[in-house]
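Q: The following block contains the structure, expressed as structure tokens.
The values are calculated or read from the model by the stated rules, or taken from the named source; none is laboratory data. Note that the structure is predicted; figures quoted are calculated from it, not measured. Glycine also receives a Cβ, built like all others from the backbone with ideal geometry; neighbour counts cover every protein chain displayed. Surface areas here come from the heavy atoms of the whole protein model, side chains and all, with no ligands, DNA or RNA. Shrake-Rupley method; radii C 1.70, N 1.55, O 1.52, S 1.80 Å.
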Amino acid sequence: MISRLAGFELEIIRRDSHAWWSLLCLAALVFLSFASTSFDAARDDSDKRAVAAAERARWLGQGTKDPHSAAHYSIFAFKPSPTLSGLDPGIGPFVGQSVWLEAHHQNDLLNRPLQNATLLQRAGLGNPASLLLTFAPLVVFLLAFVVVAQDRERGSLRLALGAASHPSAIIHAKALAIWGASTGLLVLPAVAAEFVLAAVGSHLSIDVFTRLSLWFALMAVYLALLSAIGIVVALRARDARIALAMLFGFWIVAALVLPRAGSSAADTVRPLPSSQIVRQQMLDEAAAYWTAEDTALHKVQLFTQYGVTRTDDIPNFRMAELDMVERHSHQVFDRILGDFYEKVASQDRLFSALGFLSPTIAVQSLSASLSGSDFSHHHDFIVKAEGYRRALVNRMNADGMAHRAEGDERHTNDERLWAQIPTFAYTAPVLGSATGTTLPALGALLLWLVGTWLLLSATARRLRP
Amino acid sequence: MIGPRFVDLFVWEWRQVGRTPLLWVILLTLAASFLWGAGNTGAFHNAQTQAQAGTRAAEAAHRASMERRAISYRAPVTPDKPKVPYWQDPTNVSGFSQYFVFQHALKPHLPLSPLAVGISDLAPGQFEVKLNTGFGFDESYDFENPRGLALGRFDLGFVLVYLLPIALILAFGLLVTFERDRGMLQLVAAQSTRPQLWLGTRMAAILAWIAPVVMASLLLALGVASVSFSDALPELLAAFLLVGGYILLWTGIAALVLSRMPGAAGALGMLGAIWTALAIGLPLLGSILASSVSTAPSGIAFINAQRQTNDAVQTDRDAIVRRAIAARPDLRVAQGDVDKIDHATRLTFLVPETEKRLSQFRAATAAHAEQQARIAIVAGYLIPPIGLQAGLATLAGTGEARQRQFLIQARAYQLRLRGILYPPVQRQIVDPTPDSEPATRGRLNLTDRNILPVFAMTDDSPATRTAAVMPFAVWLWLLGGVLAALGIRRAGKWPPDL
Amino acid sequence: MDDGAVLVLDAVSINFNGRLTINNLSLKLKPGEVYALLGPNGAGKTTTLNLILGFLTPDSGAIIIDGVDGITDPTGARARIAYLPETVMLHPALTAIENLRYFALLAGRKIEDATARRLLSDAGLQAEAHGRRTSDFSKGMRQKVGVAIALAKDARLLLLDEPTSGLDAGAANDLSDMIRAASTRGMAVLMATHDLFRVKNVAHRLGILREGRLVDERDAAAIGPVELEELYLEKLTA
């Protein structure tokens, strides 16, 4: 019975030109942004693949040289677009897309797509997730207003409740209609298109499929709880005007103000040290160019390490020094950057916990995580790229150390050594392995869902003609 | 006389509107948002200023350490303390040029910076300016949590550009439609009041509360964020002019919508749709359109070009250096000694050559940026929220134009440093400073290392900044005035379905 | 054409969506005359009032209110009309006095509290309610404030739309008294109503409207209550 009633409610929505066109306009914007974002991601990935291949060819074809010079020459690594970047590019436009994996340095990822963006480009940065998160509440509340508040104001709801054998079925049908219309038009087309793109592009793995399904479920849950909120407010408010004001207010606070304010608050409560401090700390503790005094100190350390008293007793003193300094820098980077990135994760955890204040925040955190476009996933790339760099530099240094060279003499090698370094191929983490920061958001979303569902049920039970 | 006088009705409406709790909820929320936004941005900019102070302190520490070492390297060579390699020797002019120059270009914040975060969270406010980095400086940025960048900061600009219109929409949409929704409008209309007068006085009364409270809250918020009003008076006045125009614009839009006397649902629905279109719909379409008009040169492709060029220059390096020396009458005698030139000295010839070869990519990027900036200016007039954002950022000193000036000046600074250091470095090729007797640990061909100027950004005057936003302010006032007039004119008759 | 009439409707027609809602309606009210416009729902009673108030513009015909052309100068015409809708809705946050002062102001009259109290008392509202917010006023009480608003305007023509609908017997009687008092002061009254019983007691003339046409018109004194009911039913079913 509920589904048939929901059919009537859907028809009411369809015949209300304001509600229907609002829904269609948002659906069009969501799909347009999906197409634009997907197109950009595909173009960028294509560029990255081409340049990565050129980099590999350059690495292999760099000729005969000192392995440490090869480690300096090294390669650039490129971060592929996240799994579901067409649906939610998340932090993608604001994080670097390439990193130079050279000796001595754990370089920042550069080439942030919006590094030099104009305010128009930044303001026009719409994507399906951000549009849904920000504007779906407005449209869903408009639908709730049309099928509940106006129905109530006209008195037709009272008539329907009087005629119904199960009054609560009417409310559930209205909820189903609002949820069905919004999910079917706002979420489903983009998800279906992403599915097709993934299938055509042959990267529809189980992980991608699971992420896509969960992303759809997440947005469906978001729309469901918004529908419930809309209906409860429309039923409980004193009149339609107050319902409208309350829903408008909820939208402003939950979807517009709190995500930004919460994000700023999380970053203020758990501040990051400035990049200047971090860079200076790394420079002070692991300088790429060391002083003559440092060299003297290194000599003492190497003598102790090798149990010798003369540089000539170390097969390749220069490479041994480089290797020691390199390995020391790894510890320094791990400590300083490890602390730094932990602080970033801590900010994200706090932000995700603010999902208890606004479902938009909870869904925002979860959407980026499911799409593989949050900082945890980005950090995974940083770690893996750095791991690759260290393996490459260590291998080069090891080759140097394995060959005796004295004074200004240099051991050299060629493609046979370069080819021993595998191609950099990044595999994004599977679902669940980089989701720690979003667990509070998951809890918050479940609480919102249960809370709104209980509220809706209680409101439906209390209804009297 | 038929009907009431404007003044009488306005005074009544003004008193009644002022008694409405809803208005005060809206205004207090807005004022709190102003305070939080300005404080938030002020604190953020303070942190950036502190980071810049940290950079200057690091430069000073670097200089002190370098001088200590320079003094100690005057000592004669001993078996325990051999000659210092040139790349570790600050007394060697070529070593100094490549390995010891530690200078920064800093973009200080302007007095009114808490007004808008602009691009200050995204674009770097400081660069290390190395002598031999291509085109001024390496791309770099100060890390901000990218989640915050993606969501946008809760700054005063956000409140003014996005939340202020919503406050106006709520106030007008709910306070003007009250009679309609309550079924009173027929009784109102049956008195001898023209709808234009009724709508005009009601909206004017609402505006007469909102505009002063907004301006006062703005002033208070900026004061709390430690803005020195005397240092930023012209910009502050221009900001008020912009905000006033923006309020008038949304009043005009509201007047157009409310002229047909809709209920709250109709009014809020239509005004909400207009807000959504201006806040996200048009910027999204505009951005897509702007990108399709001119696709940004790929940063990834630039890496490829850079690597190819560097490889080519390295392969050709001796020939390039030889050609460069041959082209210089003062160095020509050293053509045969190219093999003896150290890496840092070679760079003084190779880097300009690399820049030359990459200049077309750089020019394409710059041309694209300029085109996008021009599009953004036009878009600002067509999409007022974008224009206001840009205007506020200009006044705050966090806009794109000032960032471009900063980048240009940083590049000029690098060229200035090269102008100071390249000649003595290259002179060593033909006229090397005689080695010390007895041999010292350092080369001692650079005795004064305090020869590099400190970067100081030259800013436009406050009058220039203010003048830059004036056309847009005038546009807002004109547009707002015309829309308001059209709205009032459109309300010529009471709707027939009262 | 008006020869001292307060209201003249001359061959007024208006159609909505191709259907003549008011068809060639002519009507004339003299000062002090109370005219009851009878008719079922949809007969065009409210449309007639809206035409007189200038909310609707007729397709043809003339509307003159106290010598002012209601079509070309609706605001000027409304200055001569007091109107009492079927359900008087007031600002709930304002007191009865404040509501009265507000609506008087809209009519271009500034009145003091004392005047407002007098008008409210004249309209039958108890003194203790004058200073109370109207949010908890009954329909009858709101109707009395509406009457006071009408009185405050000191208009030449009073329009009443279903004035007794939803009122209890006492409130309805009070309203009848008010109409008589207005008539005595020379005000012309046009009331659109279903209430045949009360019409008979207050109106001087009766008109029956059917599908936008005035199908009958009688002197109220010349017809008894039973005859009136029979006539009404006959005209509606004819």
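Q: Rounded to the nearest 100 Å², what is the sum over both chains of accessible area buried where A meets B, with a probe of 1.4 Å?
A: Its buried surface, counting both partners, is about 7100 Å².
Q: Quick check for you: with a 1.4 Å probe and neighbouring chains kept, what is the accessible area per residue of region C:1-99, in Å²? The partial results should precede the final answer.
A: Working: 3310 Å² over 99 residues.
I get 33 Å² per residue for region C:1-99.
Q: So what is the 222 nm mean residue ellipticity for chain B from helices alone, if each DSSP H run of at least 4 adds -39500 (n - 2.57) and you divide by all residues, rounding to the nearest 500 deg cm²/dmol? The partial results should precede the final answer.
A: On the way: 17 runs with 322 residues, N = 498.
Taken over chain B, the calculation gives -22000 deg cm²/dmol.
Q: By how many degrees, between 0 and 90 and to the nearest 10, does the Cα long axis of helix B:299-315 differ from the longest principal axis of chain B?
A: The angle comes out at about 10 degrees.
Q: Based on alpha-carbon centroids, what's the gap between region A:30-84 and region A:203-257 in Å, whole number please?
A: Measuring centre to centre over Cα atoms gives 38 Å.
Q: If contacts are Cα pairs under 8 angstrom and at least 6 residues apart, what is the relative contact order of chain B in percent?
A: Numbers: 635 pairs, mean separation 156.7, N = 498.
Relative contact order, chain B: 31 percent.
Q: Using only Cα atoms, tell me the angle between helix B:195-224 and the longest principal axis of chain B; keep it within 0 to 90° and round to the nearest 10.
A: Result, in degrees: 30.
Q: Another question, if that's okay. What distance in nm separates the two pseudo spin-label positions at A:Lys299 and C:Asp154, each 7 Å out from Cα along the beta-carbon direction?
A: Each label point lies 7 Å from its Cα, and together they span 11.4 nm.
Q: Taking all pairs of different Cα atoms in chain B, averaging 1/r and flipping that mean, what Kirkwood radius in angstroms comes out?
A: Details: mean 1/r = 0.0370 Å⁻¹.
For chain B, inverting the mean 1/r across all distinct Cα pairs yields 27.0 Å.
Q: Working with all protein chains in place, sort C:Lys110, C:Lys45 by solvent-accessible area computed with a 1.4 Å probe, largest first.
A: C:Lys110, C:Lys45
Q: Separate question: Could you bin all the Cα-Cα distances of region B:4-70 into 10 Å bins starting at 0 and give me the percent of pairs in each, rounded to whole numbers?
A: Calculated over all Cα pairs of region B:4-70, the distribution is 17, 18, 17, 14, 12, 9, 7, 5, 1 percent.
Q: So for the pair A:Ser213, B:Ala47, with labels modelled 7 Å out along Cα→Cβ, what separation do we get in nm?
A: The modelled label-to-label distance comes out at 4.1 nm.
Q: I need the shape label for region A:40-110. Rule: rounded when a/c is under 1.5, else prolate if a/b > b/c, else oblate, with a, b, c from the alpha carbon gyration tensor.
A: Details: a/c = 4.68, a/b = 1.94, b/c = 2.42.
It comes out oblate by the Cα gyration axes.
Q: Also, quick follow-up: Please state, as a whole number in µm²/s, the translational diffusion coefficient that the Stokes-Einstein equation yields for region C:158-228 at 20 °C and 1.002 mPa s, with Rh defined as the Kirkwood radius across alpha carbon pairs.
A: Values: Rh = 12.8 Å.
Estimated diffusion coefficient is 167 µm²/s.
Q: Okay, next question. Would you kindly calculate the translational diffusion coefficient of region A:2-462, applying Stokes-Einstein with the Kirkwood radius from alpha carbon pairs, for 20 °C and a viscosity of 1.002 mPa s, and quote it in µm² s⁻¹ without decimals?
A: Once the numbers are plugged in, D ends up at 84 µm²/s.
Q: Would you kindly calculate the translational diffusion coefficient of region C:65-121, applying Stokes-Einstein with the Kirkwood radius from alpha carbon pairs, for 10 °C and a viscosity of 1.306 mPa s, and quote it in µm² s⁻¹ without decimals?
A: Values: Rh = 12.9 Å.
In µm²/s, the coefficient rounds to 124.
Q: Using R₀ = 30 Å, calculate the FRET efficiency as 1/(1 + (r/R₀)^6) where r is the Cβ-Cβ separation of A:Ser346 and A:Asp284; round to 0.05. It would help to have the intermediate numbers written out before the result.
A: Working: r = 24 Å, r/R0 = 0.81.
About 0.80, to the nearest 0.05.
Q: Using the alpha carbons of chain C, what is the convex hull volume per residue in cubic angstrom, as a whole number? Display every interim value, and only then the final one.
A: On the way: hull volume 29.0 nm³, N = 238.
Residue-normalised Cα hull volume stands at 122 Å³.
Q: Please tell me the relative contact order of region C:87-154 in percent, rounded to the nearest whole number, where contacts are Cα pairs under 8 Å and at least six residues apart. Show your work: numbers first, answer last.
A: On the way: 84 pairs, mean separation 31.3, N = 68.
RCO, region C:87-154: 46 percent.
Q: Consider just the alpha-carbon atoms of the protein assembly as shown and return their Rg together with their Dmax, both in angstrom.
A: 39.7, 142
Q: Per-residue accessible area for C:Arg132 at 1.4 Å probe radius, Å² rounded to 10?
A: We get 80 Å² for C:Arg132.
Q: Using just the helices of chain A, give the 222 nm mean residue ellipticity in deg cm²/dmol: DSSP H runs with n ≥ 4 each add -39,500 (n - 2.57), and the total is spread over all residues, rounded to 500. Display every interim value, and only then the final one.
A: On the way: 19 runs with 315 residues, N = 465.
Rounded to the nearest 500, it is -22500 deg cm²/dmol.
Q: Using 26 Å as the Cα-Cα cut-off, could you pick out the over-long pairs in C:Lys153/C:Lys235; A:Lys299/A:Lys384; C:Lys139/C:Lys200?
A: Numbers: C:Lys153/C:Lys235 36 Å; A:Lys299/A:Lys384 32 Å; C:Lys139/C:Lys200 23 Å.
Pairs exceeding the cut-off: C:Lys153/C:Lys235; A:Lys299/A:Lys384.
Q: With a 1.4 Å probe and all protein chains left in place, how much of the accessible area of chain C comes from carbon and sulfur atoms, in whole percent? Let's see the in-between values first.
A: Values: 4440 of 9510 Å².
Roughly 47 percent, rounded to a whole number.
Q: For region A:377-396 and region B:166-215, write down the distance between their C-alpha centroids in whole Å.
A: Cα centroid to Cα centroid, the span is 64 Å.
Q: What does the buried accessible surface come to for B and C, summed over both chains, with the probe at 1.4 Å? Round to 100 Å². Before the final figure, lay out each step's value.
A: Details: alone 24430 and 10890 Å², together 32540 Å².
Result for this pair: about 2800 Å² buried.
Q: Which of the residues in region A:375-404 show a loss of at least 10 Å² in accessible area from their chain by itself to the complete set of protein chains, at a probe of 1.4 Å?
A: A:Phe375
Q: Work out how far the C-alpha atoms of region A:253-305 reach from end to end along every principal axis, then list the three figures in whole Å, largest first.
A: 65, 20, 14
Q: Going by alpha carbons, how many degrees (0 to 90, nearest 10) lie between the helix axis of A:359-371 and the longest principal axis of chain A?
A: 50 degrees
Q: Can you give the local net charge around A:Pro259? Use residues other than it whose beta-carbon is closer than 15 angstrom to its beta-carbon, Lys and Arg +1, Asp and Glu -1.
A: Numbers: positive: A:Arg260, B:Arg147, B:Arg153; negative: A:Asp88, A:Asp267, A:Asp348, A:Asp374, B:Asp155.
Overall, the nearby charge balance is -2.
Q: Related question: Only protein chains counted, 1.4 angstrom probe. Which residues of region A:104-119 are at least 20 Å² less accessible in the assembly than when their chain is isolated?
A: Listed by number, the residues meeting the 20 Å² cut-off are A:Leu110, A:Asn111, A:Arg112, A:Gln115, A:Ala117, A:Thr118, A:Leu119.
Q: Just grab the label-to-label distance for C:Asp216 and A:Trp453, each label 7 Å out from Cα along the Cβ direction, in nm (one decimal).
A: 6.6 nm
Q: Per residue in region A:16-44, which ones lose no less than 50 Å² of accessible surface when going from chain alone to all protein chains (1.4 Å probe)?
A: Going by heavy-atom accessible area, the residues of region A:16-44 that drop by at least 50 Å² are A:Leu29.
Q: Cross-link candidates for B:Lys356: which lysines have Cα within less than 29 Å, leaving aside residues fewer than 8 places away along the same chain?
A: Partners found: A:Lys48, A:Lys65, B:Lys107, B:Lys130, B:Lys340.
Q: Right, something else. For region A:296-328 and region B:83-111, compute the distance between their C-alpha centroids and round to whole Å.
A: Their Cα centres are 28 Å away from one another.
Q: Over region A:344-405, with every protein chain in place, what whole percent of the accessible area is carbon and sulfur at 1.4 Å, could you tell me?
A: On the way: 1060 of 1610 Å².
The nonpolar share, carbon plus sulfur, comes to 66 percent.
Q: Nearest 20 debye, what's the magnitude of the dipole of the protein assembly as shown about its Cα centre given +1 on Lys and Arg Cβ and -1 on Asp and Glu Cβ? Could the numbers behind the result be given before it?
A: Details: 111 positive and 105 negative charges, 256 e Å.
I would put it at about 1240 debye.
Q: Give me the net charge for the shell around A:Ser130: Cβ to Cβ below 14 angstrom, other residues only, Lys and Arg +1, Asp and Glu -1. Mind showing how you got there, number by number?
A: On the way: positive: A:Arg122, A:Arg260, B:Arg147; negative: A:Asp88, A:Asp374.
Within the 14 Å Cβ shell, the charges total +1.
Q: While we're here: Using helices alone, I'd like the mean residue ellipticity at 222 nm for chain C: each DSSP H run of four-plus residues gives -39500 (n - 2.57), total over residue count, nearest 500.
A: Values: 8 runs with 86 residues, N = 238.
Per the formula, -11000 deg cm²/dmol.
Q: Follow-up. Give the value in nm², to one decimal: projected area of the alpha carbon convex hull of region B:293-451, averaged over all directions.
A: Details: hull surface 54.8 nm².
Mean shadow area of the hull around the Cα atoms is 13.7 nm².
Q: Would you mind calculating the relative contact order of chain A from Cα pairs under 8 angstrom and at least 6 residues apart, reporting the percent as a whole number?
A: Details: 593 pairs, mean separation 118.9, N = 465.
Over chain A, the number comes to 26 percent.
Q: Could you grab the Rg to Rh ratio for region C:46-154? Cα atoms only, Kirkwood for Rh. Let's see the in-between values first.
A: Numbers: Rg = 15.1 Å, Rh = 14.6 Å.
With Rg and the Kirkwood Rh in hand, the quotient comes to 1.03.
Q: Where only protein heavy atoms count, and the probe is 1.4 Å, what is the accessible area per residue for chain A in Å²?
A: Details: 19060 Å² over 465 residues.
Result: 41 Å² of accessible area for each residue.
Q: Something else now. Enumerate the whole-percent occupancy of each 10 Å bin, from 0 to the last occupied one, for all C-alpha pair distances of region A:418-465.
A: Bin by bin from 0 Å, the calculated values are 19, 22, 18, 16, 11, 7, 4, 2, 0.
Q: Another one. Accessible area per residue of region B:390-498 at 1.4 Å probe, in Å²? Show your work: numbers first, answer last.
A: Values: 5210 Å² over 109 residues.
Accessible surface, normalised per residue, equals 48 Å².
Q: Can you give me the % of accessible surface on region B:147-248 that is carbon or sulfur? Probe 1.4 Å, all protein chains present, nothing else counted. Intermediate values should be presented prior to the final figure.
A: Values: 1660 of 2460 Å².
Carbon and sulfur together cover 67 percent of it.
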